[in-house]
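Trainee: I'd like to ask some things about the structure below.
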Amino acid sequence: MFPQEIDAMLLLRRCHSLTRLGSLGPQRCKAASPLASLAARLCSSRREDQRSSQHVNNSASWKTVVAGLLTGTGAVLAYTLHHQKVERADAGLPSEAKSSPLPVFNYDEVTKHRSLEDGIWVTYKGGVYDITEFVAMHPGGNKILLAAGGALEPFWALYAVHDQEYVLEILSQYKVGELSVEDQKKQENTKASDPYASDPERHPVLRVNCKKPFNAEPPSEILTESYITPHVFFFKRNRLPVPQVDTASYRLQVEGLSGGELSLSLEDLKTQFPKHTVTAAMQCAGNRRSDMNNIKEVQGLNWGVSAIGNAKWGGARLRDVLLAAGFGPEVAKWARHVHFEGLDKDVTGTAYGTSIPISKAISEEGDVLLAYEMNGEDLPPDHGFPLRVVVPGVVGARNVKWLGRIVISAEESASHCQQHDYKGFSPGTDWSKVDPKSAPAIQELPIQSAITVPADGAVIDRSEVTLTVKGYAWSGGGREVVRVDVSLDGGNTWQVAQLRNGDEGETAEPSPPPGRAWAWKLWELTAPLPPQAEELEIICKAVDNSYNVQPDTILPIWNLRGLLNNAWHRVKVRVRED
């Protein structure tokens, strides 16, 4: 449900709930007051004919923020919303209500509040919270109801993004009491173990965007040291704990509405199907989000330029496996999509899932792999062991890790990441009017390049005379990068960089067939330092064989999720005199 549908409903719900809250005594009203105080004024303004324009603007602003919460991750918007609520509620609360002591509840009393009718209560670190009024605004939807009448800790251990100051500040506004000391001790004795405890070790050089679940990228200068990215430096994009998979019992399920079914072990995939190797780059849709975030705030992990990597993937072709399951070329007469589901599941048992067009899946030129190797070795746990799908030329989100199930379907995947995320929107679209149904799911990615050396803010000695600039370039859909232009003076003049598709001193990879340029290209330019320049603005832009070129600035491609940033990449360096 999205903003245009929920604004009126949400306001009416607030008005209705305020009537109920009025009969529950000062403690419940205290907990609800941050929302109730603001909502009461908003509801009242709808009933009164004469209101000031200030109140009208407040109502519109409030609805915009709530809409943002309901359609996105909501972190920044939630923070703003609740600061407004605290300020406004504090202004209207009598001093005796602010200073009144909180009651003590036992666990049995808390467990009675498991529904919207009885109220949704939860506990956290000894506190009791009535979050009934927050349920509709929870960015994660109704999954918050799984904790109703119990402790938040086991769920927040899984969704560790909650362990941030602004989230705790939001929660504090709904506190209604304290849990009895006896029940606090019982909770401590049954404290859930860390679901991330069995995650693999990671290289300490990685720049961490989120620890739990783990999301990280290498420093840019390391990224392009090698044409083939070592798995330890390949960016990590996880949404949940890394699954622990027993290869002896592992089975890949392949099924569809009008075809056969197939259950394959890892050994079956290795012995019953020819092994194919594909060198392919993989890029997160949020790569370079930090640059977009610097222009105007967006939602999502603040990736730099290194949410991309290039690897040699080995495994069975998806096409061969589908044929073995009875899905031949005629399947395209009724099916349009191939769904992939991982073994990483949330607390509801929902697996991470997504889909690609069947035309890509069954094409001999599509090169889609069910990969069990990365760079000549078994897939590492962070990259999908024992099996992942590799969809060359397509956004990283479709390359499902820890693959457990494949479904042939006439419909696109109904998953959140297919229907509500990983979509591009106009720069003029904000959270109050975003409609995910209006945009297609991202598949092929646009032309991209970035500077990895020198780093932004680096200092160069004038005595060095020349400057070497390095980076990567890649285009989605199998389109080959044919040129990278580099400017040392902010775009006034340009020079063509040297491209390479291998490491220096080693045999370069052969030129790919048309439409199957899945790997990135590294590039390098060595040029004289511009005389008298005290600061250089270095820019790169790539061109592919369809003559697609990167846009010069970010603002025209800005979008509220910070996806698909492929504007000219710019770094500034200072020249130090001898």
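The values are calculated or read from the model by the stated rules, or taken from the named source; none is laboratory data. Treat the numbers as computed from the prediction; the structure is a model and nothing was measured. Note that we place each Cβ from the backbone using ideal geometry, even for glycine, and neighbour counts take in every protein chain shown. Just the protein is used for accessible areas: all its heavy atoms, side chains included, with ligands, DNA and RNA removed. Shrake-Rupley method; radii C 1.70, N 1.55, O 1.52, S 1.80 Å.
Trainee: For the subset of the stretch 180-228 comprising residues that are basic (Lys, Arg) and in a loop (DSSP other than H, G, I, E, B), which member is surrounded by the fewest Cβ atoms within 10 Å (Cβ to Cβ)?
Mentor: Residue satisfying both the conditions and the ranking: 191.
Trainee: Can you tell me how many residues within the stretch 114-128 are among the aromatic types (Phe, Trp, Tyr) and open to solvent by 20 Å² or more (accessible area, probe 1.4 Å)?
Mentor: Number of matching residues: 1.
Trainee: Scan the stretch 154-167 and give yes if some residue there is open to solvent by 50 Å² or more (accessible area, probe 1.4 Å), closer than 26 Å to residue 301 by Cβ, in a strand (DSSP E or B) and in contact (Cβ under 8 Å) with a residue 12 or more places away in the chain, otherwise no.
Mentor: No, the stretch 154-167 contains no residue that is open to solvent by 50 Å² or more (accessible area, probe 1.4 Å), closer than 26 Å to residue 301 by Cβ, in a strand (DSSP E or B) and in contact (Cβ under 8 Å) with a residue 12 or more places away in the chain.
Trainee: List the number of the failed condition for residue 418; all other conditions in (1) surrounded by 20 or more Cβ atoms within 10 Å (Cβ to Cβ); (2) over 23 Å from residue 512 (Cβ atoms); (3) over 21 Å from the mean Cα position of the chain (by Cα) hold.
Mentor: Answer for residue 418: the failing condition is (3).
Trainee: Next up: At pLDDT below 95 and in contact with a helix residue (DSSP H, G or I) (Cβ under 9 Å, 6 or more places away or on another chain): which single residue out of 564, 529, 555 fits that description?
Mentor: 529
Trainee: Among the candidates 500, 516, single out the residue that is touching a residue at least 40 places away in the same chain (Cβ under 8 Å), farther than 21 Å from residue 288 by Cβ and more than 28 Å from the chain's Cα centre (by Cα).
Mentor: From the options 500, 516, the qualifying one is 500.
Trainee: Test residue 257 against the criterion of being farther than 19 Å from residue 386 by Cβ and open to solvent by less than 30 Å² (accessible area, probe 1.4 Å), and give yes or no.
Mentor: Considered against the rule, which asks whether it is farther than 19 Å from residue 386 by Cβ and open to solvent by less than 30 Å² (accessible area, probe 1.4 Å), residue 257 comes out as no.
Trainee: Further, regarding this structure: When you look at residue 463, is it open to solvent by less than 20 Å² (accessible area, probe 1.4 Å), more than 27 Å from the chain's Cα centre (by Cα) and either polar (S, T, N, Q) or at pLDDT below 95 (or both), yes or no?
Mentor: The answer is no for residue 463.
Trainee: Another question about this same structure. Among the residues of the stretch 280-301, what is the count of those that are buried (at least 19 other Cβ atoms within 10 Å of the Cβ) and over 24 Å from residue 213 (Cα atoms)?
Mentor: 1
Trainee: May I ask you to list the residues in the stretch 491-508 that are surrounded by 13 or more Cβ atoms within 10 Å (Cβ to Cβ) and either touching a strand residue (DSSP E or B) at 6+ places or on another chain (Cβ under 6 Å) or hydroxyl-bearing (Ser, Thr, Tyr) (or both)?
Mentor: Of everything in the stretch 491-508, those that are surrounded by 13 or more Cβ atoms within 10 Å (Cβ to Cβ) and either touching a strand residue (DSSP E or B) at 6+ places or on another chain (Cβ under 6 Å) or hydroxyl-bearing (Ser, Thr, Tyr) (or both) turn out to be 491, 494, 495, 497, 499, 500, 501.
Trainee: Which one of the conditions (1) touching a Pro at 6+ places or on another chain (Cβ under 9 Å); (2) open to solvent by less than 20 Å² (accessible area, probe 1.4 Å); (3) farther than 21 Å from residue 280 by Cα does residue 343 fail to meet, given that it meets all the rest?
Mentor: Looking at each condition in turn, residue 343 falls short on (2).
Trainee: Among the residues of the stretch 549-569, which ones are under 22 Å from residue 482 (Cβ atoms) and either part of a loop (DSSP other than H, G, I, E, B) or charged (D, E, K, R) (or both)?
Mentor: 550, 551, 552, 564, 565, 566, 567, 568
Trainee: Could you please give the count of residues in the stretch 421-460 that are of a type in the set (Phe, Trp, Tyr) and either open to solvent by 40 Å² or more (accessible area, probe 1.4 Å) or under 22 Å from residue 518 (Cβ atoms) (or both)?
Mentor: Number of matching residues: 1.
Trainee: Turning to a different aspect of this structure: Looking at (1) surrounded by fewer than 20 Cβ atoms within 10 Å (Cβ to Cβ); (2) modelled with pLDDT of 75 or more; (3) closer than 30 Å to residue 419 by Cα; (4) touching a strand residue (DSSP E or B) at 6+ places or on another chain (Cβ under 8 Å), find the lone condition where residue 138 falls short.
Mentor: (4) is the only condition that residue 138 fails.
Trainee: Consider the stretch 110-138. How many of its residues are in contact (Cβ under 8 Å) with a residue 24 or more places away in the chain, over 24 Å from residue 157 (Cβ atoms) and charged (D, E, K, R)?
Mentor: 2
Trainee: Moving on. Among the residues that make up the stretch 467-488, is at least one of them without any contact (Cβ under 8 Å) to a residue 40 or more places away in the chain, in a strand (DSSP E or B) and surrounded by 13 or more Cβ atoms within 10 Å (Cβ to Cβ)?
Mentor: no
Trainee: Within the stretch 559-578, can you find the residues that are of a type outside the set (A, V, I, L, M, F, W, C) and farther than 13 Å from residue 294 by Cβ?
Mentor: The answer is 559, 561, 566, 574, 576, 577, 578.
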